[in-house]
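To keep things clear, I will list the structure first and then write my remarks on it.
The values are calculated or read from the model by the stated rules, or taken from the named source; none is laboratory data. Note that this is a predicted model, so its numbers are computed, not measured. Neighbour counts are summed over all protein chains in view; Cβ atoms, including those assigned to glycine, are modelled from backbone coordinates with ideal geometry. Just so you know, the surface numbers come from the protein's heavy atoms only, side chains and all, with ligands and any DNA or RNA stripped out. Shrake-Rupley method; radii C 1.70, N 1.55, O 1.52, S 1.80 Å.
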Amino acid sequence: MENFPESVDREILGGRIVHAVKVYREASGCTLREAMDVVRERDAELGRDRPDA
């Protein structure tokens with residue numbers, strides 16, 4: 001994902017998924033459901049790109 005907030009990536013990589021959803025929602029202004037879906041997708045993407053993280 002391009003232009004994805006680095007702060008959200010840090011939260012995801014730190015295992016703080018709920019906080020990542022909150023940070024993403026605040027940054028984008030989207031709904032809770034949309035934020036959950038985006039963070040879930042980004043978590044999977046980071047897992048593929050950084051399996052050791």
Exercise. Over the chain, what is the relative contact order in whole percent, taking alpha-carbon pairs under 8 Å and six or more residues apart?
Worked result: 33
Exercise. Tilt of helix 17-28 relative to the longest C-alpha principal axis of the chain, in degrees (0 to 90, nearest 10)?
Worked result: 50
Exercise. With charges only on Cβ, +1 for K and R and -1 for D and E, what is the dipole size of the chain about its Cα centre, in debye, rounded to 20?
Worked result: 220
Problem set entry | Carbon/sulfur fraction of accessible area - the chain, other protein chains in place, 1.4 Å, % | 47
Exercise. For the stretch 1-49, what is the accessible area per residue in Å², given a 1.4 Å probe and the full set of protein chains?
Worked result: 68
For this session: Kindly identify the chain as rounded, prolate or oblate by the Cα gyration tensor criterion: order the square roots of the eigenvalues as a ≥ b ≥ c, call it rounded if a/c is under 1.5, otherwise compare a/b with b/c, prolate if a/b is larger, else oblate.
Result: prolate
